[in-house]
Amino acid sequence: MNRTTTESDAGYENADPERTEYVDANLRRAYNEMLQEEVPDRFTDLLRQLREQDNAQ
Amino acid sequence: MNHRDPRDEIVDHLPAMRAFALSLTRNSAAADDLVQDTVVKAWSNLDKFEVGTNLRAWLFTILRNTFYSGRRKSKREVSDPDGAFAATLASKPDHDGRLALRDFSVAFAKLPDEQREALILVGASGFSYEEAAETCGVAIGTIKSRANRGRQALIKMLHMRDDEEMELTDQATVAVLAGVGLSPC
């Protein structure tokens, strides 16, 4: 395991693939958690209203 | 080739739009308002969408433009590229090397806007660097650099390092780990 942080490494050429994957795996987990949330009714209502407006024109 | 009417497809992208909006606003009420504004704007501009291209990327572009134009108006929230909030969290990975989700999310929320969006796009939602660059209106190298600076800031904030067995129990330990001497008091 080698995850020593280099402070100066601001570029992407030196990115450590192992560390990148470690962070990204946690990111995907947090993101997927957000995706699981149920979409509130206000959005389906909104899309229905927009469609009705279109049809009325 | 037949493509679905984008009007029918928007609903499929709502969960991703809410997740992206939440990662930008860091507030669920503000996130949903942002998604609502985005849907209304997208709907009235759908004639400008090229059917067959990436609708999610197009919606994300509108979402982030809406977010940043709102932010310019309110003129708050200075970005924090140096991670001045860093090092306040002590979080150890659990057995399979994953971090407590809450700790991770708290640390993520402290990143500057441009690093959060780069990481959400390429790290979490599977955008290519090219798509992310186009969505944010910057060069590919800029996205790569932002994503990597974000990753490094997260690693730093979460104290992910080789000697993970450490316990941050007292001030002295913290000071040693942070690489600073104890100031005489």
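Would you work out what percent of the accessible area of region B:10-74, with all protein chains in place, is carbon or sulfur (probe 1.4 Å)? It would help to have the intermediate numbers written out before the result.
Details: 1420 of 2770 Å².
With neighbouring chains kept in place, the figure for region B:10-74 is 51 percent.
Kindly compute the accessible surface that chains A and B hide from a 1.4 Å probe when together, both sides summed, and give it to the nearest 100 Å². Write down the numbers at each step before the final one.
Numbers: alone 5880 and 11460 Å², together 13460 Å².
Buried surface at the A/B interface: approximately 3900 Å².
For region A:17-56, report the accessible area per residue in Å² (1.4 Å probe, heavy atoms, rounded to an integer). Intermediate values should be presented prior to the final figure.
Details: 2490 Å² over 40 residues.
Averaged over the residues of region A:17-56, the accessible area is 62 Å².
How large, in percent, is the carbon and sulfur part of the accessible surface of region A:17-56 at a probe radius of 1.4 Å?
On the way: 1130 of 2490 Å².
Solvent-exposed carbon and sulfur of region A:17-56 make up 45 percent of the total.
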- Task: Might you tell me the accessible area per residue for region B:10-74, computed with a 1.4 Å probe and given in Å²?
- Result: 43 Å²
- Message: Once you place label points 7 Å from the Cα toward the Cβ at residue A:56 and residue B:71, how far apart are they in nm?
- Response: 3.6 nm
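The values are calculated or read from the model by the stated rules, or taken from the named source; none is laboratory data. What you see is a predicted model, and the numbers here were worked out from it, not measured in a lab. Cβ sites come from the backbone with ideal geometry, for glycine too, and all protein chains shown count toward neighbours. These accessible areas exclude ligands, DNA and RNA; they are computed on the full protein's heavy atoms, side chains included. Shrake-Rupley method; radii C 1.70, N 1.55, O 1.52, S 1.80 Å.
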